[in-house]
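Below is one structure; the comments refer to it alone.
Coordinate-derived values only; no laboratory data. Treat the numbers as computed from the prediction; the structure is a model and nothing was measured. Every residue, glycine as well, gets a Cβ built from its backbone with ideal geometry; the counts of neighbours run over all protein chains shown.
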Amino acid sequence: MDEELIGRLVKEAKELAAETESAREALLSAARRRQEAILALKAAGLSVRGIAARLGTSPSVIQTSLATAIARHPATARREERFPYELHVLLAAKFHEQPERLRSIAKSNIQKMRETPRAAIAEGWLNRWEEILELSVDEIEQEMLKDTDEGRDMRQISPFAGALDNTERMVAMKKAQLLAAR
């Protein structure tokens, strides 16, 4: 077989594989955001049947989505960690819709935060946030939601003040309360 043809076919196969992987990641990201939205609806007080009726699906699909979303959340007993985590879940979803707006808010807030003298460790966290803001939206989401000591610390000095409205903050609080009961 012609080496040039083989080269073109290999190149095409690699490009299609990359496109397929990208599409798969986008679908997984959309599915995670949908599951979080369903969890927010549950936290807002809707029943499983009510959510299913509004979304035009079956209660079993809603139950599965809820179970998946809940399992993805870290099991923490401390409210101080649970509420910031839920705020960042909402921020991560918002990043997919308005990445430049959220980056701008965070960079402006970091600049303001640097005007106040801080301990060296806090300065390190601000530096880390600046690094995170340069990543892709999916990577930002991963960093924001890490269930590690660093992730929990970073959420305590979050630069996203003003990015969520009061209604969104209330949703995060209700989700944190719902998850605390598990």
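Please list, by residue number, every one of the trypsin sites (Lys or Arg not before Pro) in the stretch 33-83 that is coil in DSSP and has at most 14 other beta-carbon atoms within 10 Å.
The qualifying sites are 78.
Report the far tail of the P(r) of the stretch 1-72, meaning the percent of Cα-Cα pairs longer than 21 Å.
Everything past 21 Å amounts to 47 percent.
Under a straight-distance cross-link criterion of Cα-Cα below 30 Å, which lysines are reachable from residue 107, leaving out those fewer than 8 residues away in the same chain?
Answer for residue 107, where 30 Å is the Cα cut-off: 94, 146, 174, 175, listed by chain and number.
Relative to 2.2 N^0.38 Å, what does the C-alpha radius of gyration of the stretch 41-182 come to as a ratio? Two decimals please.
1.14
Between the alpha-carbon centers of the stretch 53-128 and the stretch 7-25, tell me the distance in whole angstrom.
32 Å
May I ask you to derive the relative contact order of the chain, considering only C-alpha pairs under 8 Å and at least 6 residues apart, and to give it as an integer percent?
In percent, rounded to a whole number, it is 29.
Got a sec? How would 38, 140 order by Cβ neighbour count within 10 Å, fewest to most?
With the fewest neighbours first, 38, 140 line up as 140, 38.
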